[in-house]
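Participant: Can you read through this structure? Questions will come right after.
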Amino acid sequence: MTRVVPARPMNRVLPARLMNRTLPCVVGAVLIALPFVYHAPYPLHLMIVVLIWSFAYTSWSVMGRFGLVSLGHGGFMGVGAYGTALLWNYFHLTPWLGVPASMAVAVVLALIVGYPCSRFRITGHYFALVTLALSAIVLQVATASRDITGGSLGYTPERVQGVAGVLAFQFSDKMTWYFVALGVWAVGLLIRWRVDHSMMAYALEAIAEDEDAAGAAGVNVTAEKLKVTALSAAMTAFAGAMYCQYQMFISPDTVSGISVSLQMVFAAVVGGIYVLPGPTVGAIITILLAEGLRIFFGTGALGWDNLVYGTLLVVFIIFLPQGLVGAAWNKLTGGRQAA
Amino acid sequence: MFDIYLLEAAINGVLLGGVLALLALGLNLVFGVIDVVWICYAELIMMGMYGMFYLVSVFHVPFLIAAVLSIALVAMLGVLLHLLVIAPLLNAAPINQLLATGGVLAFLQALATVMFGIDFRNLGIRMPVIEVSDMYISYARLLAFGTALAGMVGVYLFLSRTYTGTAIRAIAQDRQIMPLMGVDSRRIYLITSAIGGGLAGLAACLLVLQYDVHPFIGLTFGPITFMICVLGGLGNMIGGFVAAFVFAEIISIGGLYMDLEWGYVFAFVFFIVMMFIRPRGLLARNP
């Protein structure tokens, strides 16, 4: 498939190439080298958490950037986390198979909700509210079936030690986890990059502009939307499974429900949903902010982090809807749409 | 076979439906007129419930006066929400408006956590339970149902009988033309926001009799309110009214056979199924 490269004025080519080619290599090298130089447990833990959530936010933005603002991703994340943990505890199915199975369930759910939405032109706030029902369902089911999932008290996958840990996708070593999370995050960015530069992106951008016109121009609106929805749901379920395997504890409120869905949207919007590193930057900002406030205020910090980022979200949407990275990118490239 | 428990659940469902219909009405009104969804609607209710709690339990204000003050408080919050968040975004993409009110949701939840703590609080008013031939019907629910209906009739009369009400309905029908007809749309938006907030406040006064208030109570009512509005057709007030009772019956009767939470699950599943059958709302014509 050939990629259409828009003509750019000469003086803009250089920074763009720098951003697209050199920067990822430098950042990648630094991130790989980092834990060998500096590996205190707490910063390493923070970085792992940031990487996992960055992957989740990136997964959301894969469809979110095309105007498909879903509030159902908390549901997909919950399915990924609970699916993997339940299959492991009850059927001793290794997460190597359990994760794909949970992802498949998430995709099926995504299609069940996505199909009527794309078929009947449910878009914009309608779409957000319908998908919100999905995350509410997953939250309620996880809470209500407390005999199986432990309800709101949470759930823990059974631990194994030693070599069997590989089979159980459990690593006691934070270094291992760091590289796993780093790899997953990088793959997440790669997937998003591929989607952004595919024919699908052109179709979806056209759909976001005007569905009727896109349909008339020969775009299969339903199919294109469902493809990107399924992809995004599968990635998010994977993020849920990662979270579960790393934290070894999940509860309905931390992996599903509206709060998680909104949290994904917040972080992605603050960073910028139209640029590749946006959701990652959003994750760094929100998680460091929450941790910083927690350390600063101690246990009195309950609520302060949300107070700050609720305000931030409102301020960003009003004054900087393209997000931090998006705004910076526009400055650098003179308002051109980001790659 | 006649089942007394089923009848009891059905009656409780009707009573719950009244309150849900009131919740949906405020949201529908705001959506119909201003074309924004207040995702933080249930959090406004939560603030109203805290208002009631502090006025009644801490400052010992008589219940009715406290109710009036709480309604005024939430109406003011509605106006503030419009002025600070919605007005700057009126011409932005609809989804940005929704996300901004999502930010307000997080803000209000956090504000309540910081200000009031995460303890569950209640008024400590025990309402009597009425016993009719082996069925138990809570007086609080009956009162809520009656007040909700009265509130809805009030809004209906206001919209249909007054000049301002007519202007509000006209704006909802055509946003572009009405300013040319001499209607000050900014003023109408403010009035609508105040009424929307006031209805949330009224709901708060009724809910505080039945539920403990805590910073996350909004998450209990929020999703269900949005689903009722979508099921009835966003902005369609009669649709929302019907949908509220359908939902309440499913929750109540579903909760009879299994846990109450499963009642909610059934209602949500019903909602998604209905999206296939009637994507534009219960009362809308099929596309």
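Participant: Å³ per residue of the Cα convex hull, for region A:40-257?
Facilitator: Expressed per residue, the convex hull around the Cα atoms of region A:40-257 is 114 Å³.
Participant: In the Gaussian network model of chain A, springs joining C-alpha atoms below 10 Å, which of A:Gly124, A:Gly271, A:Gly78 carries the largest mean-square fluctuation?
Facilitator: In the Gaussian network model the winner is A:Gly124.
Participant: Can I ask one more? Taking only Cα atoms and a 10 Å spring cutoff, compute GNM fluctuations for chain B and point out the largest among B:Thr162, B:Thr192, B:Thr113.
Facilitator: With Cα springs under 10 Å in chain B, the top fluctuation among B:Thr162, B:Thr192, B:Thr113 is at B:Thr162.
Participant: If we count every other residue with Cβ under 10 angstrom of A:Arg65's Cβ, Lys/Arg +1 and Asp/Glu -1, where does the sum land? Could the numbers behind the result be given before it?
Facilitator: On the way: positive: A:Arg192; negative: A:Asp196, A:Glu205.
Result for the local shell: -1.
Participant: Now a separate question. Taking the Cα centre as origin and putting +1 on Lys and Arg beta-carbons and -1 on Asp and Glu beta-carbons, what dipole magnitude results for the protein assembly as shown, to the nearest 20 debye?
Facilitator: 1740
Participant: Scan around B:Val61 for amide H atoms under 5 Å from its own, H built in the peptide plane at 1.01 Å from N, and keep only partners 5 or more places away or cross-chain.
Facilitator: B:Val56
Participant: Rounded if a/c is under 1.5, else prolate if a/b is larger than b/c, else oblate: which is chain B, with a ≥ b ≥ c the root eigenvalues of its Cα gyration tensor? Walk me through the numbers before you get to the answer.
Facilitator: Working: a/c = 1.65, a/b = 1.24, b/c = 1.33.
Since a/c reaches 1.5 but b/c is at least a/b, the shape of chain B is classed as oblate.
Participant: Given the convex hull of the Cα atoms of region B:137-180, what is a quarter of its surface area in nm²? Kindly include the intermediate steps, with their values, before the conclusion.
Facilitator: Working: hull surface 15.0 nm².
About 3.8 nm², averaged over all directions.
Participant: Relative contact order, percent, of chain B when contacts are C-alpha pairs under 8 Å separated by at least 6 residues?
Facilitator: Value for chain B: 36 percent.
Participant: HN-Hα J couplings of region B:80-92 from phi, Karplus 6.51/-1.76/1.60, θ = phi - 60°, integer Hz, Gly and Pro as x?
Facilitator: In residue order, the calculated couplings are 4, 4, 5, 5, 7, 10, 6, 4, x, 10, 4, 9, 7 Hz.
Participant: Taking Cα centroids, how far is region B:170-187 from region B:104-145 in Å?
Facilitator: For region B:170-187 versus region B:104-145, the Cα centre distance is 39 Å.
Participant: Here's another thing I want to ask about it. Averaged over A:139-146, how many beta carbons belonging to a partner chain fall within 10 Å of each residue's beta carbon?
Facilitator: 5
Participant: Can you give the FRET efficiency to the nearest 0.05 for A:His92 and B:Tyr257, using r as the Cβ-Cβ distance and R₀ = 25 Å?
Facilitator: 0.15
Participant: Label points 7 Å out from Cα along the Cβ direction at B:Arg161 and A:Val37: separation in nm?
Facilitator: With each label placed 7 Å out from Cα toward Cβ, I get 7.6 nm.
Participant: Right, next: For the pair B:Tyr54 and B:Ile137, what calculated FRET efficiency results from E = 1/(1 + (r/R0)^6), where r is the Cβ-Cβ distance and R0 = 35 Å, to the nearest 0.05?
Facilitator: Calculated value: 0.75.
Participant: Compute the separation of the alpha-carbon centres of region A:128-149 and region B:223-279 and state it in Å as a whole number.
Facilitator: 14
Participant: Show me the ranking of peptides A:311-322, B:243-254 by mean Cβ neighbours inside 10 Å, starting with the highest.
Facilitator: Packing order, densest peptide first, comes out as B:243-254, A:311-322.
Participant: Among B:Leu84, B:Leu99, B:Leu22, determine the one that fluctuates most according to a GNM of chain B built with springs between C-alpha atoms less than 10 Å apart.
Facilitator: Of B:Leu84, B:Leu99, B:Leu22, the most mobile in the Gaussian network model is B:Leu84.
Participant: How many Cβ atoms of partner chains, on average, are near each residue of B:224-235 if near means within 10 Å of its Cβ?
Facilitator: The per-residue average across the peptide is 3.
Participant: Which ³J(HN,Hα) values in Hz, rounded to whole numbers, follow from the phi angles of region A:66-83 under the Karplus curve 6.51 cos²θ - 1.76 cosθ + 1.60, where θ = phi - 60° and Gly and Pro get x?
Facilitator: Values per residue, Gly and Pro as x: 9, x, 8, 7, 9, 9, x, 5, x, x, 4, 4, x, 4, x, 5, 5, x Hz.
Participant: So, in nm, how far is label A:Thr311 from label B:Phe276 when the simple model puts each one 7 Å beyond its Cα toward the Cβ?
Facilitator: A separation of 4.7 nm, rounded to one decimal place.
Participant: Within a 10 angstrom radius of each residue's Cβ in B:90-100, how many Cβ atoms of other chains show up on average? Whole number is fine.
Facilitator: Numbers: counts 0, 0, 3, 5, 6, 11, 6, 3, 8, 14, 8.
Counting Cβ atoms of other protein chains within 10 Å of each residue's Cβ and averaging gives 6.
Participant: Work out from phi, with θ = phi - 60° and the Karplus expression 6.51 cos²θ - 1.76 cosθ + 1.60, the ³J(HN,Hα) of each residue of region B:100-114, listed in order in whole Hz, and give x for Gly and Pro.
Facilitator: Once θ is set to phi - 60°, the couplings for region B:100-114 become 4, 5, x, x, 5, 4, 4, 4, 5, 4, 5, 4, 5, 4, 5 Hz.
Participant: Once you sort the root eigenvalues of the Cα gyration tensor of region A:194-307 as a ≥ b ≥ c, which label holds: rounded (a/c under 1.5), prolate (a/b larger than b/c) or oblate (the other case)?
Facilitator: prolate
Participant: Also, quick follow-up: Arrange the peptides B:35-47, A:38-50 so that the one whose residues have, on average, the most other Cβ atoms within 10 Å appears first.
Facilitator: Descending packing order for the listed peptides: B:35-47, A:38-50.
Participant: Can you show me the helix-derived [θ] at 222 nm for chain A, built from DSSP H runs with n ≥ 4 at -39,500 (n - 2.57) apiece and divided by the number of residues, rounded to the nearest 500.
Facilitator: Mean residue ellipticity, 222 nm, calculated: -24500 deg cm²/dmol.
Participant: Which is farthest toward the positive dipole end of region A:194-327 among A:Pro321, A:Ala267, A:Ile250, measuring Cα position about the Cα centre, with Cβ charges +1 (Lys, Arg) and -1 (Asp, Glu)?
Facilitator: The residue sitting farthest along the positive end of the dipole is A:Ile250.
Participant: Within 10 Å of each residue's Cβ, count the other Cβ atoms and sort A:Lys225, A:Lys331, A:Lys174 from fewest upward. Could the numbers behind the result be given before it?
Facilitator: Numbers: A:Lys225 27, A:Lys331 9, A:Lys174 18.
If I rank by nearby Cβ atoms, fewest first, I get A:Lys331, A:Lys174, A:Lys225.
Participant: For the protein assembly as shown, what size does the Cα cloud have along each of its three principal axes, sorted from largest down, in whole Å?
Facilitator: Each principal axis gives a Cα extent; for the protein assembly as shown these are 71, 64, 51 Å.
Participant: Okay, moving on. Sort A:198-204, A:234-240 for me by packing, meaning the mean count of neighbouring Cβ atoms within 10 Å per residue, highest on top. Don't jump to the answer; show the numbers that get you there.
Facilitator: Values: A:198-204: 17.6, A:234-240: 29.1.
Per-residue Cβ counts within 10 Å, averaged per peptide and sorted highest first, yield A:234-240, A:198-204.
Values quoted throughout were computed directly from the atomic coordinates according to the rules given, and no laboratory measurement underlies them. Computed from a predicted model, the values in this text were never measured in an experiment. Note that we place each Cβ from the backbone using ideal geometry, even for glycine, and neighbour counts take in every protein chain shown.
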